[in-house]
Amino acid sequence: MSGRFTRWVLWMVSLVFFLVQVSSPCLADCAVDPGVSLAITKLGWTLDPKTGSLQLEAEVQNVSDWDVVDPGIAVSLLDSSGREFDSWVFRSSLKRIRPKEKARISRTFKIPSIPGTIKVMPYQGSAGT
């Protein structure tokens, strides 16, 4: 009986170590590219095809270790062939956000035609991230 019990205990310990090794990448924080300081954490839009009105709601978060100046988003409209036909940059009302802070962006604007794709990217200062 003690031989079986010992094997059972060793098997259980091995199983626990295996599960910890397999699950640890799943439980880790998401890796952040050191060149990226702003991430889009929420995004939604409503399009009225009759009026061409596009309402955009977004939230960006500072994922760096330093302050982000003029956080915002860049929006590009692409046709069905993937060619860009219009673009804008929208800023948050906050001029600076500290590490881990978030900023909201909300805009309603007219678009010239119905896009095939809407591309949204984080944008800060005078350049995108």
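The values are calculated or read from the model by the stated rules, or taken from the named source; none is laboratory data. These figures come from a predicted structure and were not determined experimentally. Note: ideal-geometry Cβ built from the backbone for every residue, glycine included; neighbour counts use all protein chains shown.
With respect to the stated conditions, Leu78 fails to be surrounded by 12 or more Cβ atoms within 10 Å (Cβ to Cβ), in contact with a Lys or Arg (Cβ under 9 Å, 6 or more places away or on another chain) and under 19 Å from Ser37 (Cα atoms). Considered as a group, the residues in region 38-61 that are under 22 Å from Lys102 (Cα atoms) and in contact with a Lys or Arg (Cβ under 6 Å, 6 or more places away or on another chain) include one that is surrounded by the fewest Cβ atoms within 10 Å (Cβ to Cβ), and that residue is Glu59. Looking across region 96-129, the residues that are more than 14 Å from the chain's Cα centre (by Cα), in contact (Cβ under 8 Å) with a residue 60 or more places away in the chain and in a strand (DSSP E or B) come down to Ile118, Gln124. Please pick out the residue among Ser93, Ser80 that is part of a loop (DSSP other than H, G, I, E, B) and modelled with pLDDT of 95 or more. Exactly one residue qualifies, and that residue is Ser93.
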